[in-house]
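Reviewing the structure listed below.
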Amino acid sequence: MDPESCPDCGGTGYLAKPVDIGGKSQGVAFIRVKCPACGGSGRKRATPPNPAG
Ligand SMILES: [Zn+2]
């Protein structure tokens with residue numbers, strides 16, 4: 001994996017989340033949501049991680 005890529009989304013900038021349709025297991029779809037870690041850029045943040053959290 002590219003070290004420059006966001007480890008959360010793998011560099012795609014989006015995450016696939018399963019959603020239940022009507023609450024039944026027969027209808028499961030995947031929606032793409034913008035990766036909160038990189039904000040949809042797919043790249044690591046320019047700022048280094050804060051050790052204090
Ligand atoms: Zn990301």
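Considering only residues that are hydrophobic (A, V, I, L, M, F, W, C), at pLDDT below 70 and within 14 Å of the ligand (Cβ to nearest atom), which ones fall in region 31-53?
The answer is Ala46, and nothing else.
Show the residue pairs that are 6+ apart or on different chains and have beta-carbon atoms under 6 Å apart, the first residue being within region 1-16 and at negative phi and of a type in the set (A, V, I, L, M), the second being in a loop (DSSP other than H, G, I, E, B) and buried (at least 16 other Cβ atoms within 10 Å of the Cβ).
Leu15/Cys9; Leu15/Cys35
Within the group Val28, Val19, which residue is more than 15 Å from the ligand (Cβ to nearest atom), touching a Pro at 6+ places or on another chain (Cβ under 8 Å) and either at pLDDT below 90 or not in a loop (DSSP other than H, G, I, E, B) (or both)? Before you say what the answer is, go through the steps one by one.
Details: Val19 fails: touching a Pro at 6+ places or on another chain (Cβ under 8 Å).
Criteria check complete, one pass: Val28.
The values are calculated or read from the model by the stated rules, or taken from the named source; none is laboratory data. Being a predicted model, the structure only gives us computed values, none of them experimental. Glycine gets a Cβ as well: all are built from the backbone with ideal geometry, and neighbour counts include every protein chain shown.
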